[in-house]
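Reading through the structure tokens given below for one structure.
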Amino acid sequence: MTNLLEIRNLTKRYGFFALQDVDLEVASGTITGLVGANGAGKSTLMKLVLGLLPPDSGEIQLFGQNALREGPSLRRRIGFVQESPTLFGNLRVGELGQVVAPFYPTWNSASFQRLCRTFELPLRTPFHKLSQGSRMKTALALALSHDADLLLLDEPTSGLDPLMRREVLDLMLEIIQDEGKAVLFSTHITTDLERVADHVAILKQGRLVLAGAKDELLESWVLVKGGDELLASPLRERCRGGERTELGLTLLCEASETIAKMLPEGALQERPSLEDLVYFHGRELALDIGQQARGQMEVSCSR
Amino acid sequence: MLLNLLKRDLRLHRDALVIPVLILILILGAIGMADDGPALLGLVLIGFLYVPILPLAIHAREDSQGTLADLMVLPVSRRAVVSLRYLEVLLFLGLMLALAHLGTWIALCMAAHKAVPFYVMDRSKAFGLGLTLLFFFAYPMPLFLRLGLKGISLASLPIIVIETFHWFFFPQRGEPFFHWLGGYLTTTYPGPLGFGILALFALSYLVSLKAFEGKDF
């Protein structure tokens, strides 16, 4: 496996937002899911990779070459779908293929037609008259028709019905059957990650707080449930996040062989789901212990 | 690459081409009316002013609709996009100059040795007008390409200020400053003026490349 995308110490500041010191690798034959709250920096990261935003510092390597210097030629090997595709609104779906085709030496018209049929896209309807779901499908058909090696999909399943969502996810799995290709997609839907992602990266307020192989990540963390005595135990030092509910405390802690010995009496441990990982890593953890807020309290867990 | 981009623009913005085509039809129709010289000149002037603005209008529309970002996702360099806009300005300007000359020639043929209705658009005047327009495109282009329509507003500000001062301090001239300056330079230094404006156009292109390079999408 080779890295199709390597990001090192990438930083971009604009306005009040800053994407800071992001390191990420996307290897061939893998699907990487990028997850985070709205405004976490997922779209910004993709735009930086595509050269739509110039970075303040850091390095982006695409297919082993400097993306900032060789950007336009490297984009031939990238398929991109943005969150709310605007494309070229007044053109019909069929015309969009004709407009985009000359820019890609590897454009496959038959593949575009086939995808349009699969997605049941009306070729003669202007793009701006399509529903959100059909727009997304059109963008996907365009991104998939030039045999791209790296697919960057910014929330590709948003606005799609469950059936089509499943089809798109299956399509991603189909793409990486060719081990020279890779997919980086952002999403809010953790079930999408669970279904297709090999690797997961969690962004929080512009910082990458967790990244790695999905299975390894799930094994590296444990959910501990119990009462307030958890906070007094050594577990607190291993805790990344937590919350208080009416049923008690739940903490997300780093898994280790010794963790069972640290558990206070009556406390339980269980394997977290991907959603738990995202949930607890995505939350603000700086509140003081004992501070009550709206019936739920987040627990300070300094590491 | 530029040809592909040009084809894309023509396909994508074909609705915008209705107006120049309409102007062309009007010009051709007006040529038939050999005695209506001023009306003919007016139409040509509209064409002159409007048609080269088209690339800028297209660019502004793409910027506001977000399709400029879609364009930049394609394997297209920023340099190519800037070059395309300058090429389009020159192409449209050239087209209008050619039409003006064609109109003059047809009108001359039709009028034979009588009074020529199209006399005002002789070769040197058409060329002078072309150069003046080139100046007015060259000057705001970098700001426009970087900031979109906001750039045009910013670029207009100094012109408005200069014209206001000019009217205030030199009311006796009775014409806008740039019109007066253009007339003065054209009669006094026609050669250097032509070269100067062409150099400004080239400089504008280089600055635009730099300005567009740092634009966020």
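The values are calculated or read from the model by the stated rules, or taken from the named source; none is laboratory data. This structure is a prediction, so every number in the text was calculated from the model and none was measured. Glycine also receives a Cβ, built like all others from the backbone with ideal geometry; neighbour counts cover every protein chain displayed.
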Need the failing condition index for A:N66 against (1) more than 14 Å from chain B (Cβ to nearest Cβ); (2) buried (at least 16 other Cβ atoms within 10 Å of the Cβ), just the number. (2)
Just give me the residues in region A:189-208 being surrounded by 16 or more Cβ atoms within 10 Å (Cβ to Cβ) and either in a loop (DSSP other than H, G, I, E, B) or among the β-branched types (V, I, T) (or both), in sequence order. A:I189, A:T190, A:V196, A:A197, A:D198, A:V200, A:I202, A:Q205, A:G206
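Hey, could you check region A:73-88 for residues that are facing chain B (nearest Cβ under 9 Å) and part of a loop (DSSP other than H, G, I, E, B) and say which is modelled with the lowest pLDDT? Steps first, answer last, please.
Kept after step one, since they are facing chain B (nearest Cβ under 9 Å), are these residues of region A:73-88: A:73-78, A:80, A:82, A:84-88.
After this cut, where a residue has to be part of a loop (DSSP other than H, G, I, E, B) as well, the list is A:82, A:84-88.
Working: A:Q82: 85, A:S84: 76, A:P85: 75, A:T86: 72, A:L87: 67, A:F88: 71.
Only one residue tops the list, namely A:L87.
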Screening A:F127, A:F112, A:F103 for residues that are crowded, with 22+ Cβ neighbours inside 10 Å and either more than 23 Å from A:F185 (Cα to Cα) or among the aromatic types (F, W, Y) (or both) leaves only A:F112
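Answer yes if at least one residue in region A:238-246 is over 30 Å from A:A18 (Cβ atoms), of a type in the set (V, I, T) and either part of a strand (DSSP E or B) or not assigned by TED's automatic domain parsing to the domain that holds A:E25 (or both), and no otherwise. Quick ask: steps written out before the conclusion?
As a first pass, look at region A:238-246 and keep what is over 30 Å from A:A18 (Cβ atoms): A:244-246.
Next, only the ones that are of a type in the set (V, I, T) stay: A:245.
This time we only want the ones that are either part of a strand (DSSP E or B) or not assigned by TED's automatic domain parsing to the domain that holds A:E25 (or both), so: A:245.
Within region A:238-246, one or more residues are over 30 Å from A:A18 (Cβ atoms), of a type in the set (V, I, T) and either part of a strand (DSSP E or B) or not assigned by TED's automatic domain parsing to the domain that holds A:E25 (or both).
Return yes or no: is A:L91 under 17 Å from A:R124 (Cα atoms), more than 8 Å from chain B (Cβ to nearest Cβ) and surrounded by 17 or more Cβ atoms within 10 Å (Cβ to Cβ)? Quick ask: steps written out before the conclusion?
Values: under 17 Å from A:R124 (Cα atoms): yes; more than 8 Å from chain B (Cβ to nearest Cβ): no; surrounded by 17 or more Cβ atoms within 10 Å (Cβ to Cβ): yes.
No.
This table checks each residue for (1) touching a helix residue (DSSP H, G or I) at 6+ places or on another chain (Cβ under 9 Å); (2) farther than 21 Å from A:L218 by Cβ; (3) part of a loop (DSSP other than H, G, I, E, B).
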site: A:R135; (1), (2), (3): yes, yes, no
site: A:A143; (1), (2), (3): no, yes, no
site: A:L169; (1), (2), (3): yes, no, no
site: A:E179; (1), (2), (3): no, yes, yes
site: A:L184; (1), (2), (3): yes, no, no
Helices (runs of 4 or more DSSP H) wholly inside region B:144-217 containing at least 2 residues that are modelled with pLDDT of 85 or more and under 30 Å from B:L71 (Cβ atoms): B:149-169, B:190-213
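Could you run through region A:94-114 and say how many residues are in a helix (DSSP H, G or I) and within 8 Å of chain B (Cβ to nearest Cβ)? First the steps, then the outcome.
Applying the first criterion (in a helix (DSSP H, G or I)) to region A:94-114 yields A:94-103, A:109-114.
Now restrict to residues that are within 8 Å of chain B (Cβ to nearest Cβ): A:95, A:98-100, A:102-103.
The total comes to 6.
So is A:R117 in a loop (DSSP other than H, G, I, E, B), surrounded by fewer than 16 Cβ atoms within 10 Å (Cβ to Cβ) and of a type in the set (D, E, K, R) or not? Break it down stepwise before answering.
Working: in a loop (DSSP other than H, G, I, E, B): no; surrounded by fewer than 16 Cβ atoms within 10 Å (Cβ to Cβ): yes; of a type in the set (D, E, K, R): yes.
Here the answer is no, as A:R117 does not meet what is asked.
Condition check: more than 17 Å from B:R8 (Cα to Cα) and hydrophobic (A, V, I, L, M, F, W, C). Does A:L62 satisfy that?
Values: more than 17 Å from B:R8 (Cα to Cα): yes; hydrophobic (A, V, I, L, M, F, W, C): yes.
Against the criterion (more than 17 Å from B:R8 (Cα to Cα) and hydrophobic (A, V, I, L, M, F, W, C)), A:L62 qualifies.
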Quick one: would you say A:A143 is within 11 Å of chain B (Cβ to nearest Cβ), in contact with a Pro (Cβ under 6 Å, 6 or more places away or on another chain) and either more than 27 Å from A:L34 (Cα to Cα) or not acidic (D, E) (or both)? no
